[in-house]
Structure formats: structure tokens, C-alpha cells
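Q: Take a look at this one; I'll ask things after.
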Amino acid sequence: MSVKSQSIQSKKQTGQDERLKKISPLRVLLNRPELGALGGSILVFIFFGIVAGDTGMFSAYGALNFLDVSANLGIIAIAAAMLMIGGEFDLSIGSMIGFAGICIAIPAIYWGWPLWMSITFAFAMAVLIGYFNGIMVVRTGLPSFIVTLAMLFILRGATLAITRLITGRTQVPGLRVLIEDDPIAWIFATDTFQWLFTWLGKMKLIALRTDGTPLATGIPPSVIWFIALTLFATWILMKTRYGNWIFASGGDKVGATNVGVPVGRVKISLFIGTAVASTIFACIQVLDAGSADTMRGTLKELEAIAAAVVGGCLLTGGYGSAIGAALGAIIFGTVSMGIFYTDVDTDWFKVFLGAMMLIAVVFNNYIRRKVTENK
Amino acid sequence: MSEYLVQFNNISKFFGKVIALKDVTMRLRKGEIMCLLGDNGAGKSTLIKTLAGVHKPDEGEIIFEDKKIIFDSPRDALDIGIGTVYQDLALVSLMSVTRNFFMGREPQKGIPFFKTFDVEKANKIAAERMGQIGIDVRDPSQAVGTMSGGERQCLAISRAIYFGAKVLVLDEPTSALGVHQASMVLKYIVKAASEGLAVILITHNVHHAYPVGNSFTVLNRGRSMGTFQKKDISREKLLSMMAGGEELDKLEVELKEMDRVART
């Protein structure tokens, strides 16, 4: 009795609905899609902090190393996550990376195009291919799995065939000299905050080379792109009308269409998004390595999807987050680099990757049930 | 200005050789609830989709406020004020009440190219609107999957009204509901009509339709069997018309015959 009267009293006082159950902050957190990935990344850092804390993994140089790997994966994982929230897959991400690479390298090296023009060309091709993927899926109603699987083979094959036809080889080197003086290339090829690292080096806070320059010269462009894209994607998903359309398109295609969401246009734009993200990935890697390789990006589509799933995206669409995908990418990047600092044989990395994904899917499934059925 | 808010005159729809609808005519005044009754396969779904702009009628015309209208998409129908609430409600259970309420028509704020979804305003309106029909949305950011069937139905109807529906097309709004939930939804429908909306209520449940309807149109095998005012027709007559009363009579005779044969 006393409990009841108390609750009525408290309702009067606060004007709150008595049916509004007190939800602990933990429960609120549980309803966020990125929770699993957040927990996972904390565990991963604790693990390597203990196992490899004194090996230089967490020095400036070591940290930038695994951040660079995470960031590269993150760029495509975020785009893949947005597409997955929109209810589709893109298996052609990896092949698109290779294709974009030669779209930059062949015109620049063999046709004498300025680098900015070939980069623009690569992005134009990405938009076209993304559009084609999207329109195929939307118009035919075929599963995107099949359509983009076909594109995986087509693009990889075309990349190899075209490169060999024009160059007689499978690699196109010689880009490095073109980067300087180019009006665009620096966007994908500049280490930022170099002054900071120089200063840190002078203060003897980070490791130096024998000539006195710091070992880590600056934040790699991939990391800047990764952070920018994470913020941009999160803003879109959470704060814009288009973001709501993405969730709606993936959550219930028919329902969304019926209330006037342009589902087809949303999906096509998301396919363009993954192709463009692949091209950003390709730009950064090609300009960093100074050469394009026809096999670049192989299997990256699966890693991107794995990172998105670990980050809380449902395979059925309508649920997920960009921050989650970013955390998923950080987990994979950290483990793939960190494993070198431990005594564990690196052969075990893929085992970890698979196990991680399996745990994530089971966990996500449980979360979805909680979200939709906590009556 | 004619007395009717909306007229669907001699609507026909064919799918290849199949005649899904033939010469169906319905006319509605403001504040009127017309119940569209029909058995499975009578052409109800096709008619709804034609009203909603999903299908284009092959014959006939739609006249809204004395203007002839041709819909190219569901969006056109929404824009002139025909709001359709489908059986599946077009709600995404993983998304929040607010995000569902404004799905496809999110309020925005900010400068062009950087416009954001005004979540606060949306939350406020959604909670307010749901409150008006007596549903306390405990938390507008809760997932729709946590609501009851009646609440979801009311959310979908409330959304259609909020976005300017003058004609409300409801597809089987009570079919999946228990008695209490169904009466809550029906009450809300009557209230909406009393505020000046024209309502087309599609159902196969005469017991739900008869108390709330002003007029009744019966569909059978793609054709209209006529529109009746409430005073002109009894519940029983309506029931036997839509359920194919003749067929049931015939069945009864056959059963008797079988019984007789068995006995001899």
C-alpha cells in the first residue's frame, strides 16, 4: 500500500507518467547499436595494453600504424554500414578499390593526364558504377548480394584485363613524382599536424630517427578522412531527413514507399556512397604506395561488412550506426596490427575475425529482440 | 460545388486478362464514413491501391473537390489529401514513434544544404498528437515495436490526419485487434469523421462496420453490388450480401440433401 501511494504522490509531484518505467542508463545504452563494438574495442585495448603494453605498440609510431590500418578499413566500413542500414549489401567494394586505382594510374602515367584529372575521372567512374549497382537492384528487385557479386567479378576482371592490355603488366608504378604540385592529390596524401610531431620530437616526447626527425611524421590522411566520414555519416543518420529515409528504407521498404519515402533514390545514393568510399580508399593507398595494383582491395568488401556487423548493423537492415562501424574497424585494425606485437602467431588473426563476427551477430540478434519486444 | 468531397466514378482496373475492378463508383461527403465491404478476393486491395495512387485506373475518373485528378504516384494522392492507412500500417517497428510519425515528411530546420531533422519539434508533436487520442506515449523515442496493435493503428491514423488527409482510407483497421482495442480504434475513426474528414473504411467485419458507418458499399468479384444508406439496409442483409448469402443458402440445401441421402 505504502509503495503505491508513494508512486502516486511522486507522479503528482513530477507530472510524470506512472507507466514510464525508470530506465537505468545501462538500459538506454543497451538500446544503442554501437554498444557491442564499444565494449569490444575497450576489451581489445585492455588486452593489448596488458600483453603488448611495453612493446612500442602504443608509442606514437605504433599507434599511428594501427590507426592507419583501422582508418582505411573504416572508410569503407562506414559506407558499407550505411548501405546495410538501408537494407542492401555491396560485395563489389574490394573490386571497386582495384578498379579506381587503375582509373587513377593509367591515365596519369600512360595518357599524360594531370593527376587531378585522373582522380576526378576515378570518382566519376565510381558514381557511374554505384549508380549502375543501385539501379540494377532497385529496378529488377534482385537481391543486392547477387547483383554486386556479379559486379565483384566484372570489375576485378576488367581491372586486370584493361591494365594488362594497356601496360602489359599488373602494376602501374611511378605516381609518386606526380603528387607534388598537384592541386588535388594532397587531399589524399598529406600527413597533417606535422608541426606537432616535430615539436613533440624536439621535446623528446616521441621516438626519433637517427637524423633527429620524428619517427612518426604526422597524422596520416586516412585517419583524417576516417574521422571526417564518421562524423558526416553520423550526422546524416541521426540528424537529417535523409538519415530517417535510410532507416525507413532498410526497416520496411513497402511501408516507407507508402508514406512517400523515395526508397529507390535512397538506395541508389547509398550504392554510390560505397563506390565513392572505395575510391577514397584507393586514392589514399595508391598515392601512398605510388603505384596501382590490379589486386588491391581484394576481400576488403567482406572486412567492411564484418566491421559493420560487429558495429551493430543488422543484416536485415533498418538498424545500425556509423560510429559502431567505425569502432568495428578499429577493433579489426588494432588486432591485425597488434598481433605482431604479441607472441601469438599472426595466422590466428582470421580466426579471431570470424569469432568476433559470430559473437557480434548473436549479440545483435538479442538486442533487436529486446528493442522490438520489451513491452 | 457538388455535395461530394470526393468521387470515384466507374473505376476499372485490369491486370492483363484479369478484371480486378469493373465500374466501381463511390461518392463521399465530408464527415461521412463509408464502409467498403467484401469477401477475400472481392477487389478490396486493388481498389485501395487505386485510391492511394499506387495503381492508375484503366477506366473511370477520380474527382476531388470538383477537380478531375490523375495520380502518378502515392505521393500525389497524399499531397491532395487522400491519406491511406494500409493493413501493414507502414510502420517500422525498429524505429521510434517520432521517426515513424514523420517518416517521409520530417520537419527540418537550419540553412539550405545543412538542414537538419528537427527531432525536438517532432518529438513534441508526436507526443501531443498521440496524447489527443488518449494514448500516452511514454517516450517518443521508444521503438514502435513496443506498442500494442491498437496503439499502432491509432498512430498510423493520427499520422495520416496530421499530414492533411481530408479523405482517410483505412484498410482493415480492426482485423488484427481484440474487442477492446478495436473499439478504441473505431471510436477514434468516428471522432475523426465528426471533425470533417471523409472516411473509407475497408473491412470484412460487418459487426465493426455497421455501428460506425453512414453508408455501405459491397464489393463482389471486382464489381460493386451497390451503395446503401444505413437506414435502407439491415446488418443481416449486409452480412448475407457480402458473404455471398446465396452461396451459403445453397450450401445449406446441399448439406440437407447429403443428410437425407445418408439417412435413407
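Q: Within the range B:49-61, identify whether any single residue is within 30 Å of B:GLU236 (Cα to Cα), away from chain A (no Cβ under 13 Å) and not hydrophobic (A, V, I, L, M, F, W, C), and answer yes or no.
A: yes
Q: Just to be sure, is B:GLN87 within 13 Å of another protein chain (Cβ to nearest Cβ), closer than 27 Å to A:GLY317 by Cβ and modelled with pLDDT under 85?
A: Details: within 13 Å of another protein chain (Cβ to nearest Cβ): yes; closer than 27 Å to A:GLY317 by Cβ: yes; modelled with pLDDT under 85: yes.
So B:GLN87 passes the test.
Q: Here's another thing I want to ask about it. For B:ILE69, are the conditions met, namely being away from every other protein chain (no Cβ under 14 Å), at pLDDT 90 or above and touching a helix residue (DSSP H, G or I) at 6+ places or on another chain (Cβ under 8 Å)? Let's see the steps before the verdict.
A: On the way: away from every other protein chain (no Cβ under 14 Å): yes; at pLDDT 90 or above: no; touching a helix residue (DSSP H, G or I) at 6+ places or on another chain (Cβ under 8 Å): yes.
Answer is no for this residue.
Q: Follow-up. Does B:GLU151 count as out of contact with any strand residue (DSSP E or B) (no Cβ under 6 Å at 6 or more places or on another chain), of a type in the set (Asp, Glu) and in contact (Cβ under 8 Å) with a residue 12 or more places away in the chain?
A: Yes.
Q: Taking the range A:299-311 only, how many residues are closer than 14 Å to A:GLU88 by Cα and assigned to a loop (DSSP other than H, G, I, E, B)?
A: 0
Q: Hey, another quick one. Out of all the residues in the range B:128-144, which are assigned to a helix (DSSP H, G or I), out of contact with any Leu (no Cβ under 6 Å at 6 or more places or on another chain) and of a type in the set (A, V, I, L, M, F, W, C)?
A: Hit for the range B:128-144 is B:MET130, nothing else.
Q: Considering only residues that are of a type outside the set (A, V, I, L, M), closer than 24 Å to A:PHE226 by Cβ and over 20 Å from the mean Cα position of the chain (by Cα), which ones fall in the range A:331-359?
A: Answer for the range A:331-359, where residues must be of a type outside the set (A, V, I, L, M), closer than 24 Å to A:PHE226 by Cβ and over 20 Å from the mean Cα position of the chain (by Cα): A:PHE340, A:TYR341, A:THR346.
Q: Follow-up. Working only within the range A:119-173, note down all residues that are touching a residue at least 60 places away in the same chain (Cβ under 8 Å) and outside any helix (DSSP H, G or I).
A: A:THR170, A:GLN171, A:VAL172, A:PRO173
Q: Something else: Counting only residues that are in a loop (DSSP other than H, G, I, E, B) and under 21 Å from B:HIS208 (Cα atoms), how many does the range B:1-28 have?
A: Counting residues in the range B:1-28 that are in a loop (DSSP other than H, G, I, E, B) and under 21 Å from B:HIS208 (Cα atoms) gives 0.
Q: Do you know which residues across the range A:314-336 are crowded, with 23+ Cβ neighbours inside 10 Å, among the hydroxyl-bearing types (Ser, Thr, Tyr) and either within 19 Å of A:SER41 (Cα to Cα) or free of Cβ contacts under 8 Å to residues at least 60 places away in the same chain (or both)?
A: The one that is crowded, with 23+ Cβ neighbours inside 10 Å, among the hydroxyl-bearing types (Ser, Thr, Tyr) and either within 19 Å of A:SER41 (Cα to Cα) or free of Cβ contacts under 8 Å to residues at least 60 places away in the same chain (or both): A:SER321.
Q: Continuing with the same structure: Which residue is surrounded by the most Cβ atoms within 10 Å (Cβ to Cβ), if the candidates are limited to the range A:99-118 and must be out of contact with any Ser or Thr (no Cβ under 9 Å at 6 or more places or on another chain) and touching a residue at least 40 places away in the same chain (Cβ under 8 Å)?
A: A:LEU115
Q: Go through (1) surrounded by 21 or more Cβ atoms within 10 Å (Cβ to Cβ); (2) under 29 Å from A:LEU315 (Cα atoms); (3) more than 8 Å from every other protein chain (Cβ to nearest Cβ) one by one and return the number of the condition B:MET130 breaks.
A: (2)
Q: With the structure loaded, tell me whether A:GLY328 is more than 12 Å from the chain's Cα centre (by Cα) and assigned to a helix (DSSP H, G or I) or whether it fails that test.
A: When the stated conditions are applied, A:GLY328 does not pass them.
Q: Could you please find all residues in the range B:119-157 being within 19 Å of the chain's Cα centre (by Cα) and of a type in the set (Val, Ile, Thr)?
A: Listed by number, the residues that qualify are B:ILE133, B:ILE157.
Q: Out of the residues in the range A:153-170 that are surrounded by fewer than 20 Cβ atoms within 10 Å (Cβ to Cβ) and under 26 Å from the mean Cα position of the chain (by Cα), which is farthest from A:PHE89 (Cα to Cα)?
A: Ranking the candidates gives A:LEU160 first.
Q: What is the one condition in (1) assigned to a helix (DSSP H, G or I); (2) within 14 Å of another protein chain (Cβ to nearest Cβ); (3) of a type in the set (A, V, I, L, M, F, W, C) that A:LEU314 does not satisfy?
A: So A:LEU314 meets the others, but not (1).
Q: Please list, ordered by residue number, the helices (runs of 4 or more DSSP H) wholly in the range A:5-108 having 2 or more residues that are at pLDDT 95 or above. So that I can check it myself, show each step before the final result.
A: Working: elements: A:25-30, A:35-52, A:60-85.
The qualifying helices (runs of 4 or more DSSP H) are A:60-85.
Q: Checking the structure you have, find out if any residue of the range A:216-223 is within 30 Å of A:LEU314 (Cβ to Cβ), in contact (Cβ under 8 Å) with a residue 60 or more places away in the chain and hydrophobic (A, V, I, L, M, F, W, C).
A: Scanning the range A:216-223, I find at least one residue that is within 30 Å of A:LEU314 (Cβ to Cβ), in contact (Cβ under 8 Å) with a residue 60 or more places away in the chain and hydrophobic (A, V, I, L, M, F, W, C), so the answer is yes.
Q: Now for a separate question. Kindly list, by first and then second residue, each pair from a residue in the range B:56-74 that is under 19 Å from B:LEU21 (Cβ atoms) to a residue that is assigned to a strand (DSSP E or B) and of a type in the set (S, T, N, Q), limited to pairs with Cβ atoms under 6 Å and residues at least 6 apart or on different chains.
A: Every condition considered, the pairs that remain are B:ASP58/B:SER12; B:GLU59/B:SER12; B:GLY60/B:ASN9; B:GLY60/B:ASN10; B:GLY60/B:SER12; B:GLU61/B:ASN9; B:ILE63/B:GLN7.
Q: Residues to consider are B:ARG221, B:ARG235; find the one that is of a type in the set (D, E, K, R), in contact (Cβ under 8 Å) with a residue 60 or more places away in the chain and either crowded, with 20+ Cβ neighbours inside 10 Å or out of contact with any Gly (no Cβ under 6 Å at 6 or more places or on another chain) (or both).
A: B:ARG221
Q: Given the options A:THR159, A:THR148, name the one that is closer than 15 Å to A:ALA282 by Cβ and modelled with pLDDT of 95 or more. Don't jump to the end; show me each part of the working.
A: Working: A:THR148 fails: closer than 15 Å to A:ALA282 by Cβ.
Just a single option satisfies the conditions, and that option is A:THR159.
Q: Oh, and also: Taking helices (runs of 4 or more DSSP H) that do not extend beyond the range A:193-286, which have at least 2 residues that are within 14 Å of another protein chain (Cβ to nearest Cβ) and surrounded by fewer than 23 Cβ atoms within 10 Å (Cβ to Cβ)?
A: A:221-239, A:241-251, A:253-258
Q: Among B:GLY41, B:GLY53, which is the only one that is buried (at least 21 other Cβ atoms within 10 Å of the Cβ) and in a loop (DSSP other than H, G, I, E, B)?
A: Residue meeting the stated conditions: B:GLY53.
Q: Still on this model: Looking only at the range B:145-167, count every residue that is touching a His at 6+ places or on another chain (Cβ under 9 Å) and outside any helix (DSSP H, G or I) and tell me the total.
A: Of the residues in the range B:145-167, 0 are touching a His at 6+ places or on another chain (Cβ under 9 Å) and outside any helix (DSSP H, G or I).
Rundown of residues vs (1) on the phi < 0 side of the Ramachandran plot; (2) part of a strand (DSSP E or B); (3) within 7 Å of chain A (Cβ to nearest Cβ), yes/no style:
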{"position": "B:ASP79", "(1), (2), (3)": "yes, no, no"}
{"position": "B:GLY83", "(1), (2), (3)": "yes, yes, no"}
{"position": "B:SER93", "(1), (2), (3)": "yes, no, yes"}
{"position": "B:ARG99", "(1), (2), (3)": "yes, no, yes"}
{"position": "B:ARG105", "(1), (2), (3)": "yes, no, yes"}
{"position": "B:ILE111", "(1), (2), (3)": "yes, no, no"}
{"position": "B:PHE114", "(1), (2), (3)": "yes, no, no"}
{"position": "B:GLU120", "(1), (2), (3)": "yes, no, no"}
{"position": "B:ALA126", "(1), (2), (3)": "yes, no, no"}
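The values are calculated or read from the model by the stated rules, or taken from the named source; none is laboratory data. Treat the numbers as computed from the prediction; the structure is a model and nothing was measured. So basically every Cβ, Gly included, is an ideal-geometry build from the backbone, and we count neighbours across all protein chains shown.
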